[in-house]
Amino acid sequence: MEDVWDLVVVGAGPAGSAAALRARQLDPGCRVLLLDRAAFPRDKACGDGIAAHARQELALLGLPGLLDDHRPTPRLSVTSPGGAHVSAVVARPNHVVPRRVFDARLVEAARARGVEVRRHRVRTLTALGEHVVVDGHLVARAVVAADGANSAVRRLIGVPPSPDRHTAIAVRGYADVPPDDDVQVIVMRSEAWPAYGWSFPVGDGTANVGYGLLLPRMREIGLPGREILHGRLARLLPLLGEIGSPVRDLRAHHLPLSSGRPVPGAGRVLLAGDAASLVNPLTGEGIYYALLSGRLAAEAAIGSPDDPLRAYRRGLRRALGRHLRTTDVLALAARSPGFIDAAIDVAARRTEVFDLLVDVGLGAGTVPPRLAAAVALRWFKNLA
Ligand SMILES: Cc1cc2nc3c(=O)[nH]c(=O)nc-3n(C[C@H](O)[C@H](O)[C@H](O)COP(=O)(O)OP(=O)(O)OC[C@H]3O[C@@H](n4cnc5c(N)ncnc54)[C@H](O)[C@@H]3O)c2cc1C
């Protein structure tokens, strides 16, 4: 056996890198090992949309300028399933940075902060007194499992995968767009609802374009998944902006939605990011939650070594409890496309409602009763 690591992090996406970075930030002397089965830079199926809220997390991790060389995308345009439309400047601009670039930068930042980074696929985990033994030879005081939507660690600690009804699937690719395109476009579809397509301009004459829907909706259609995802994206392209080339580098992945989130760990093993099913059920955003939960997991592992899971659950509850309860309820309401039509309708008329919806969809926002009442009123009016 090797000597003991204070923290072993499995998976070096945003959740894992955030955990590793935070651990060394809190205790520059602690020994942190970051494992990933892939060599970086590596691609990851994603819309590459990095919300302003995620940049706030980067600042907390000591990386405020990580994306400064990327042009912000100031405008967001959303079309609801019934055709309500809003296009407005967001209160704080988002960024679109290919994951091949973003994740590699985070890993490099972790390495520069003294984290040991190794290419290694984790296969086994054993609890041994006050330690966890990873793959028979890596001994850790605590483990952060940030190994994504199909988390092997989650399975190993006996936490079941997200139920299908709380899982989405989406495909993304890249296409050419005018170099000055700076609008994030989302077009929702009533066909196989809830479903939407997007175009997120990177700022270099390309855009990340994609389409996603709930897993059970896709199964109901009864065609091969690839045919549905690629076909529907191709049909949506004309609505997504000035797409000037065929879509290339198509890649799909599951999104475990927070409406089906599990207990976030067991004993000294803490689940973060997609491994904890922390993806917004309304928008599919998960990078902000990955950074946030990775940070909180490290704070629990380093700050409360006797009972890290208890501290982690408390941290998650404080940071996201009300927000997650809000999105649970909204995801139920959004089963009716008319609810989303009403919300977009109201957002198109009132800037403060647009800003609040962005906060709920991309950050940790909640819905004040006034806003809930305004949307409900519009919903009923539309029904009448
Ligand atoms: C098509 C699509 C579009 C999306 N668009 C957006 C968007 O625009 N904005 C947004 O915020 N979110 C988006 N999301 C969600 C976002 O991609 C995820 O929420 C985010 O990547 C979660 O980060 P993570 O660190 O938890 O996991 P990941 O980024 O998946 O990282 C997990 C890491 O674990 C490694 N790993 C896996 N198994 C093992 C193992 N056994 N041993 C060692 N390493 C392992 C993998 O190699 C990987 O590097 C999208 C998702 C999809 C599928």
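The values are calculated or read from the model by the stated rules, or taken from the named source; none is laboratory data. Note that this is a predicted model, so its numbers are computed, not measured. Cβ placement follows ideal geometry from the backbone for every residue including glycine, while neighbour counts extend to all protein chains displayed. Areas reflect the complete protein model, heavy atoms only, side chains present, ligands, DNA and RNA absent. Shrake-Rupley method; radii C 1.70, N 1.55, O 1.52, S 1.80 Å.
Within segment 47-59, residues that are closer than 25 Å to GLY173 by Cβ sit with their Cβ atoms under 8 Å from residues that are near the ligand (Cβ under 7 Å from one of its atoms) and β-branched (Val, Ile, Thr), at 6+ positions apart or across chains, in these pairs: GLY49/ILE287; ILE50/ILE287; ALA51/ILE287; ALA54/ILE287. Just a yes or no: is a residue in segment 100-123 within 16 Å of the ligand (Cβ to nearest atom), outside any loop (DSSP other than H, G, I, E, B), acidic (Asp, Glu) and under 28 Å from ARG261 (Cα atoms)? Taking every residue of segment 100-123 in turn, at least one turns out to be within 16 Å of the ligand (Cβ to nearest atom), outside any loop (DSSP other than H, G, I, E, B), acidic (Asp, Glu) and under 28 Å from ARG261 (Cα atoms). Against the test of being in contact with a helix residue (DSSP H, G or I) (Cβ under 8 Å, 6 or more places away or on another chain), basic (Lys, Arg) and within 14 Å of the ligand (Cβ to nearest atom), the options ARG251, ARG261 yield a single qualifying residue, ARG261. Any chance segment 249-266 includes a residue that's touching a residue at least 24 places away in the same chain (Cβ under 8 Å), buried (at least 21 other Cβ atoms within 10 Å of the Cβ) and assigned to a helix (DSSP H, G or I)? Yes; the residues of segment 249-266 include at least one that is touching a residue at least 24 places away in the same chain (Cβ under 8 Å), buried (at least 21 other Cβ atoms within 10 Å of the Cβ) and assigned to a helix (DSSP H, G or I).
Yes or no: GLY158 closer than 18 Å to GLY267 by Cα, open to solvent by 20 Å² or more (accessible area, probe 1.4 Å) and not in a strand (DSSP E or B)? So GLY158 passes the test.
Of all residue pairs spaced 6 or more apart or on separate chains, those with beta-carbon atoms under 6 Å, a first member in segment 284-311 that is of a type in the set (Ser, Thr, Tyr) and a second member that is part of a loop (DSSP other than H, G, I, E, B) are TYR288/ALA51; TYR289/LEU278; SER293/ALA272; SER293/LEU278.
Applying the set (1) touching a residue at least 12 places away in the same chain (Cβ under 8 Å); (2) under 30 Å from PRO72 (Cβ atoms); (3) surrounded by fewer than 16 Cβ atoms within 10 Å (Cβ to Cβ) to ASP180 leaves exactly one unmet item: (1). Does GLY197 meet the test of being within 16 Å of the ligand (Cβ to nearest atom), small (Gly, Ala, Ser), farther than 23 Å from PRO262 by Cα and not in a loop (DSSP other than H, G, I, E, B)? For GLY197, the condition - within 16 Å of the ligand (Cβ to nearest atom), small (Gly, Ala, Ser), farther than 23 Å from PRO262 by Cα and not in a loop (DSSP other than H, G, I, E, B) - is met.
Checked across segment 282-290, the condition of being closer than 23 Å to ARG31 by Cα and either outside the structural domain of THR124 (by the TED database) or not polar (S, T, N, Q) (or both) holds for at least one residue. Restricting segment 8-32 to residues that are farther than 18 Å from ARG119 by Cβ, touching a Leu at 6+ places or on another chain (Cβ under 8 Å) and not in a helix (DSSP H, G or I) leaves a set whose member that is most open to solvent (accessible area, probe 1.4 Å) is ARG31.
Selection of segment 284-326 for residues being part of a helix (DSSP H, G or I), among the hydroxyl-bearing types (Ser, Thr, Tyr) and open to solvent by 10 Å² or more (accessible area, probe 1.4 Å) yields TYR288, THR326.
Applying a threshold of 9 Å to beta carbon distances and a minimum spacing of six or more residues, or different chains, the list of pairs starting in segment 15-34 at a residue that is more than 11 Å from ALA301 (Cα to Cα) and ending at one that is more than 16 Å from the ligand (Cβ to nearest atom) and open to solvent by less than 10 Å² (accessible area, probe 1.4 Å) reads ARG24/CYS30.
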